[in-house]
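The values are calculated or read from the model by the stated rules, or taken from the named source; none is laboratory data. Source: prediction; values computed, not measured. Every residue, glycine among them, receives a Cβ derived from its backbone with ideal geometry; neighbour counts consider all protein chains shown.
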Amino acid sequence: MSLSLKASPLPPGSTLGILGGGQLGRMLSQAASRLGFNVVILDPEENSPAGRVSQGQIVAAYDNPTALTVLGQSCEVVTFEFENVPAGSVERLAEGGAVVAPGPRALAVAQDRVDEKTFLNSVGATTVDFAAVDSLNDLISALDRLGTPALLKTRRDGYDGKGQVWIRSVKMAADAWQAIGQCPAILEARADFVRELSVIAARGRDGRIAVYPLGENIHKGGVLKTTIAPAAVEPKTTKRARAIATAILEGLDYVGVLGVELFDLGNGQLLVNEIAPRVHNTGHWTQDGCVCDQFEQHIRAIAGWPLGPTTAHARVEMTNLLGDEIEQWTTLSARADTRLHLYGKAEARPGRKMGHVNRVKPL
Ligand code: AMP
């Protein structure tokens, strides 16, 4: 069922469903609970971080038909916390009469890097030049057109820099094709950016749009380490980012929060790297920098409530705690300017997102 823009707001006491039980689902569930909603999580892993702070968790695969039917029947609206849930599951929920936000189209577009860039360019959001690659021959002709260095990425299922290989000369083509598993791919020209920015934006059921100030992001090994927000950018950069976010939200008839990763080319030009049809790691700063954070904003949007304010009341430096960095919690929790957000994950595997800290400074 498509989301009626005219539908009346869901009252507190209604039940929301979330596909995915990780930290984003957990923080969405906490925000929903504060607004008086009940939350049911679907995740194959028992005792998931989100399941433990929600009214219930259905432990089943994302494409389990019975689980999807139960979820759809017990929730007034269903959302998702990561973009690799099978698009078929979201379609199945919608066909069964459940309201799903954002809708299947946003999910499908974000799941395929070629479709994503094609869509972005169609709404006037510029990206790097790219080519779809389905064979070694395709790769060689794409390298001929785009030049080197260029970045080969899998079309689907990539995240945090996984499934990506830099190609510095045509001689590396065969090895790169092997390295990504000879699967459908995209070749991207290198973006000569001076820094990476992101914008978090939301669209309500009534079509209203709210955009947060930009964040500047620092990655290490392809994984986000720090976001500083509001980023020190010129007003024209903010204006351009807002226009890009608006075009994407409207182009997808989107309801909910969306993350847009940007390359700042330093000459006033912004390229879109990728979009995330969900709350985003680079938006965690809003928890301690804004009255209405991205998690509450998403819940407000999908529940048909008015969107909340997006202005910053503080400058925030958000740092992810990866793997055993979680052990710093004793020191971090003693800092007067720092808020600790821990995800309740039992095992601190190397590189695993275990929590984050927001260091709050005056604007
Ligand atoms: P992604 O998984 O697409 O978000 O890429 C992870 C990181 O790789 C980005 O945050 C950038 O630092 C870098 N990257 C991705 N695509 C490009 C590109 N076309 N040119 C330069 N750097 C890139």
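A few remarks follow.
- For the range 1-106, no strands (runs of 3 or more DSSP E) sit wholly inside it while including 1 or more residues that are basic (Lys, Arg) and at positive phi.
- Among all residues of the range 217-231, there is none that is surrounded by fewer than 22 Cβ atoms within 10 Å (Cβ to Cβ), among the charged types (D, E, K, R) and within 23 Å of residue 121 (Cα to Cα).
- Strands (runs of 3 or more DSSP E) (entirely within the range 198-308) containing at least 1 residues that are away from the ligand (no atom under 14 Å from the Cβ) and over 20 Å from residue 24 (Cα atoms): 209-211
- One residue from 166, 177 being within 22 Å of residue 220 (Cβ to Cβ), free of Cβ contacts under 8 Å to residues at least 60 places away in the same chain and not aliphatic (A, V, I, L, M): 166
- The numbered conditions (1) in contact (Cβ under 8 Å) with a residue 60 or more places away in the chain; (2) under 20 Å from the mean Cα position of the chain (by Cα) are all true for residue 48 except (1).
- Screening the candidates 331, 338 for the property of being farther than 30 Å from residue 9 by Cα and in contact with a strand residue (DSSP E or B) (Cβ under 7 Å, 6 or more places away or on another chain) yields one hit, 338.
- When we screen 150, 106, 185, 131 for residues that are among the small types (Gly, Ala, Ser) and away from the ligand (no atom under 14 Å from the Cβ), the only hit is 106.
- Every condition in (1) in a strand (DSSP E or B); (2) buried (at least 21 other Cβ atoms within 10 Å of the Cβ); (3) not assigned by TED's automatic domain parsing to the domain that holds residue 241 holds for residue 165 except the one numbered (2).
- Matching entry among 187, 197, 136, 143 (being closer than 29 Å to residue 284 by Cα and in contact (Cβ under 8 Å) with a residue 12 or more places away in the chain): 197
- Qualifying residue in the range 183-195 (condition: loosely packed, with under 13 Cβ neighbours inside 10 Å and of a type in the set (Asp, Glu)): yes
- If you check 96, 88 for being more than 21 Å from residue 298 (Cα to Cα), touching a Gly at 6+ places or on another chain (Cβ under 8 Å) and at pLDDT below 95, only one passes: 96.
- Options 13, 22; residue that is at pLDDT 95 or above and surrounded by 15 or more Cβ atoms within 10 Å (Cβ to Cβ): 22
- Consider the range 115-138 and keep the residues that are among the hydrophobic types (A, V, I, L, M, F, W, C) and buried (at least 17 other Cβ atoms within 10 Å of the Cβ). The one that is nearest to residue 246 (Cα to Cα) is 125.
- Scanning the range 92-104 for residues that are in contact with a Leu (Cβ under 9 Å, 6 or more places away or on another chain) and surrounded by fewer than 18 Cβ atoms within 10 Å (Cβ to Cβ) turns up just one, 96.
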